[in-house]
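Taking it in order: structure first as structure tokens, then the write-up.
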Amino acid sequence: MLFNSDEFLLVFLPIVFVGFLVLAKFRQRRLAALWLTLASLAFYSWWRPANLPLLLLSIAVNYMLGGVLIRRPDKWILAGGILFNVALLGYFKYTVFFMTTLSGALSLDWHIPHVILPLAISFFTFQQIAYLVDAFGGKVSERDPLNYCLFITFFPHLIAGPITHHREMLSQFGSPERFRPRWDLIGIGVTLFLIGLFKKVMVADPFGAIASPIFTFSAETGGVQLVHAWTAALSYALQIYFDFSGYTDMAVGLGLLFGIALPPNFNSPYKARNVIEYWSRWHMTLTRFLTAYVYNPIVVTLTRRRAAKGLPLPRRGRMTPGTFVALVALPTVFTMFVSGVWHGAGWQFVIFGLLHGLYLVVAHGWRAWKVHRGRPLDAGGPLAVATSVLLTFLCVVVALVFFRAPSVGAALDLLAGMAGLNGITLPRPLAGVPGAEVFAQLLGLHFASLENFELSYPLRIAVFLAVVWTLPNAYQWLRDYPTALDFQARASWFGRWLPALHWRPSAALGVVMGAVCAVTLLYALSAAPTEFLYFQF
């Protein structure tokens, strides 16, 4: 069931919300939790009921193992629990990829089974691995089975995140102050939900319609030329930005309807000045998980081994090249390799992860060099900031080509087109622009009728890139009100100059939001709903 579908907007959400209000009215907190749990299981079963037993099995096994680890922290039980989760994820997500790869490499005529990937398996697997690790470390005290089930299945975040942590969610489900409807949170939640719905159906989906045929052409035919290639790459960059941002806004907004604050997961990542900052803004809960449960344990283990051998360790922010490679570069590349593989089964996802690993190593190396030289990390005027933001964005766009392309070959073809290696032609309508003919002759270019291309595409891309880079995001607009959990958005530079870009309840704003709501809902209900991009992961 999609957040932007008729079934969700007109049937599921109203019924679930009204039921929750009635139970909360009579202070039936346990029944309200049970109601939301059953509703979430129904929500999950909507796509494929056959996947429900798998989800329930995963919940039951991990809950049981968590109880065992709390009573007897045994590393072998922990290893078995992690292996169970990884094996479950590996079978459904990577079996076809591994068998296809081996079959091709060994020239074997294997029958490749058809394995249907269960929705959200990547998300609830990571949540439960974190629960087991923390149970082993003595950081888990909540053992209510109903609250645990709701923690995993809570429908606003179940399918595409945020990846929630047991500590932040179980405490809310057990709090009579938090787990109840509040009209101020309901108003903010509805506002956030509508903002997210607008981003999805009015911005992300149209950009997807631009990018999709060009990526398909690149995979099937190849030879995508410069204008098409950049149009596809930038359109997809904007599609996934507004798609994921929209889903996050909708998820956080839905949580607030029930008095639950979900953690922040998206914070204007295209405004980042480097890739380190980018990953602190993009899929923030995934970054949090990978840092806490993959990167940090590796670094701690390697640091202890180096100390035992008497090898150099970082001191006061300074380190030798060998220390940098051992304690920063290798753990970073491995962690981002895990990130790439988590996102999908395919060599293009491996390259996506390794590319970001390389970006991060360069960024950390640049920071280490600055510290060594005694230079400030974030110095620079507006031109330096704009340059660093643009360079970071271009690096991200290159990696996103691999993220979107169906194969490595298709990605390389599109990147070749972006570099002008597949030829350069200009859209024929540009010939009518004053001076365009002279400019084309000077550069040795010619005009051609480009299929699936409209002159409005570059203008749309430019307009929405300007929106992304200048306007405040939803949390900055609502910064004086509770939104995501423990998150305080900083005022955007543009918002300081335009007070209208700061949310204040008023009749005029209510009229504007009502109009936007009406248009967005009519558009969403009249068109066939499309899946959010992160549903495939």
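Which cross-chain or sequence-distant (5 or more) residues have an amide H under 5 Å from the amide H of Phe266, H modelled 1.01 Å from N in plane?
Met284
Under unit Cβ charges (Lys, Arg +1; Asp, Glu -1), what dipole magnitude, rounded to 20 debye, does the range 6-181 have relative to its Cα centre?
Taking the Cα centre of the range 6-181 as origin, the dipole is about 620 debye.
Using only DSSP helix segments of four residues or longer, with each worth -39500 (n - 2.57), what per-residue ellipticity at 222 nm results for the chain after dividing by its residue count and rounding to 500?
-20500 deg cm²/dmol
Name the helices (complete DSSP H segments) of the chain with a Cα length along the long axis of 30 Å or more and a Kyte-Doolittle mean of at least -0.5, or state none.
Membrane-span-like by this rule: 75-105, 226-257, 347-373, 382-404.
Tally Lys/Arg at +1 and Asp/Glu at -1 over every other residue whose Cβ is under 14 Å from the Cβ of Pro181; what's the total?
+4
Considering only the other residues whose Cβ falls under 15 Å of the Cβ of Val299, what net charge follows from Lys and Arg at +1 and Asp and Glu at -1?
Summing Lys/Arg as +1 and Asp/Glu as -1 gives +3.
Run the numbers on the range 175-251 and let me know its relative contact order in percent, using alpha-carbon pairs under 8 Å that are six or more apart.
About 48 percent, as a whole number.
Calculated FRET efficiency, Leu525 and His111, Cβ-Cβ r, R0 51 Å, to nearest 0.05?
0.75
Note the full-extension length gain between Arg30 and Ala507 as 0.36 nm times their separation in residues minus their Cα-Cα distance, in nm to one decimal.
Length difference between fully extended and current span is 168.0 nm.
List the lysines whose Cα lies under 22 Å from the Cα of Lys370, skipping any in the same chain that are fewer than 8 positions away.
Leaving aside lysines fewer than 8 places away in the same chain, those within reach of Lys370 are Lys271.
Can you list the lysines whose alpha carbon is less than 27 Å from that of Lys93, not counting same-chain residues fewer than 8 positions off?
By straight Cα distance, Lys93 reaches Lys75, Lys200.
Find me the longest stretch of the chain that has none of the exposed GluC sites (Glu not before Pro), where exposed means in a DSSP loop (not H, G, I, E or B) with at most 10 other Cβ atoms within 10 Å.
Answer from the scan: 178-450.
In the neighborhood of Ala272, defined by Cβ-to-Cβ distances under 15 Å, what is the net charge if each Lys or Arg adds +1 and each Asp or Glu adds -1?
Here the charged neighbours net out to +3.
Once the piece of chain linking Leu311 and Phe535 is laid out straight, how much longer is it, given 0.36 nm per residue of separation minus the C-alpha distance between them?
Here the segment from Leu311 to Phe535 would lengthen by 76.1 nm.
Using amide H atoms built in the peptide plane, which far-off residues or other-chain residues are under 5 Å from Thr425 H to H?
Those lying under 5 Å, H to H, from Thr425 are Leu226, Val227.
Just tell me which lysines come within less than 16 Å, Cα to Cα, of Lys309; anything on the same chain fewer than 8 places away is out.
none
Just how far, in whole angstrom, is the range 161-180 from the range 37-59 if you go by their alpha carbon centroids?
Using only Cα atoms to place each centre, the spacing works out to 20 Å.
Could you compute the FRET efficiency for His372 and Leu471, with r as their C-beta to C-beta distance and R0 at 35 Å, rounded to 0.05?
0.40
Bear in mind these aren't lab numbers, they're just calculated from the coordinates by the rules spelled out. Everything numeric in this text was worked out from a predicted model, so none of it was measured. Neighbour counts are summed over all protein chains in view; Cβ atoms, including those assigned to glycine, are modelled from backbone coordinates with ideal geometry.
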